[in-house]
Structures are given as C-alpha cells and as structure tokens.
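Q: Have a look at this one.
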Amino acid sequence: MGEEVESVEHRVSVAAPLVFTIVITFQLLSGWLDRLKKKGGSTNATVIQLRGEIKQLLKEASSLSQPSTFAQAAILRRSAAAKEKELANYLESHNKEMKMSYDLYLKVLFLFKVLTYFVLICWFWRVPVATISQRLVQPFGNLLSWRTGGTLNNHVMVNCL
C-alpha cells in the first residue's frame, strides 16, 4: 500500500511539468501558425521577376520624355500597369492558397489539442490536484472533492475540474 501512494505521488509530480510542457507547446504552435498566416507568403522568383519588369518598364517610360516619344512612353506605362495587375492577381491567389493551407494546419492542431486535453482530463479525473483547508472552502468542499477521495486531515482534495 505504501508503494502505491509513493507511485501516485511520483506520477503526479512528473505529470505536472509534462502537462505544462504540452499546453505551452500547443500555445506556441498556435501562435506561430497564426503569425505565419497573417504575415503572408514570402517573395518568390515570380514576384521578384514581375517587380523587376515593372521597374524596368517604368524607367524606360520615364526616359522617353520628348514629344516625339510620348506615344511610346504611354505604351510602356500601360504595359507596366498590366504587369502590376498581373502581379496583384498572382499575389492574391498565392496568399489565398497559403491562408487555406494554414487554416488546415490550424484546424488539425485544434483537433489534436482537443483530443490531448480530453485524454489529460480522463487521466487526471480521480487524481487530486491540490489540497485546501476545509474551513477555506466550507460550502463547496464536497463539490470540489468530487471523485477524489473527499477530505483528509481537515483538508479538501481538489480534482482537475
């Protein structure tokens, strides 16, 4: 009987840091995924190429400032505007795709969190989490110690609920 009590106390003492580590890990992963989702995608080769082409077209258009080259400058500005629209469409579709993938990861993480928390609650259902003086929790003593063994030496054993 003495060995059982020691093993329960040892399990509880090891379990508290384990539960804390699990909860902190879930919170950090959720925060990291939320930050990545809000930040958006990184710039890739297509975006860099389109921006370079837009800069080049606008530079060429600004260098054509003579009245005889006005039509050529207008054509270059229109093509730069078309490239900007293409870039905006590409970024919009890319960001939408990235947010959908992050949403999927967040949903899977949420389901995994719920399952893990459920397992932890089932594991610690009958294990007392704390002991509080019975005078301190006079009206709620039986409710707080529900399924944990009641009172011990005028102290109430509090469960995970």
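The values are calculated or read from the model by the stated rules, or taken from the named source; none is laboratory data. All values derive from a computational prediction rather than experimental measurement. All Cβ positions, even for glycine, are placed from backbone atoms using ideal geometry, and neighbour counts span all protein chains on display. For accessibility, only protein heavy atoms count, side chains too; no ligands or nucleic acids. Shrake-Rupley method; radii C 1.70, N 1.55, O 1.52, S 1.80 Å.
Q: In segment 84-102, what residues are farther than 30 Å from residue 57 by Cα and either hydrophobic (A, V, I, L, M, F, W, C) or touching a Leu at 6+ places or on another chain (Cβ under 9 Å) (or both)?
A: Of the residues in segment 84-102, the ones farther than 30 Å from residue 57 by Cα are 99-102.
Passing the criteria: 100, 102.
Q: If we scan segment 76-93, do we find a residue that is among the hydroxyl-bearing types (Ser, Thr, Tyr), surrounded by 13 or more Cβ atoms within 10 Å (Cβ to Cβ) and modelled with pLDDT under 80? Give the steps one after another, and end with the answer.
A: Let us first name the residues in segment 76-93 that are among the hydroxyl-bearing types (Ser, Thr, Tyr), namely 79, 90, 93.
Checking the rest, the ones that are also surrounded by 13 or more Cβ atoms within 10 Å (Cβ to Cβ) come to 79, 90.
Narrowing further to those that are modelled with pLDDT under 80: none.
No, segment 76-93 contains no residue that is among the hydroxyl-bearing types (Ser, Thr, Tyr), surrounded by 13 or more Cβ atoms within 10 Å (Cβ to Cβ) and modelled with pLDDT under 80.
Q: Considering each residue of segment 94-117, count those that are open to solvent by less than 80 Å² (accessible area, probe 1.4 Å), under 13 Å from residue 36 (Cα atoms) and of a type in the set (D, E, K, R), and give that number.
A: So the answer is 1.
Q: With respect to residue 151, determine if the residue is modelled with pLDDT under 70, closer than 26 Å to residue 16 by Cβ and surrounded by 12 or more Cβ atoms within 10 Å (Cβ to Cβ).
A: Details: modelled with pLDDT under 70: yes; closer than 26 Å to residue 16 by Cβ: yes; surrounded by 12 or more Cβ atoms within 10 Å (Cβ to Cβ): yes.
Against the criterion (modelled with pLDDT under 70, closer than 26 Å to residue 16 by Cβ and surrounded by 12 or more Cβ atoms within 10 Å (Cβ to Cβ)), residue 151 qualifies.
Q: Modelled with pLDDT of 70 or more, open to solvent by less than 70 Å² (accessible area, probe 1.4 Å) and in a helix (DSSP H, G or I) - does that describe any residue in segment 118-127?
A: yes
Q: Name the residue that is most open to solvent (accessible area, probe 1.4 Å), counting only residues in segment 1-57 that are modelled with pLDDT under 70 and acidic (Asp, Glu).
A: Out of the qualifying residues, it is 3.
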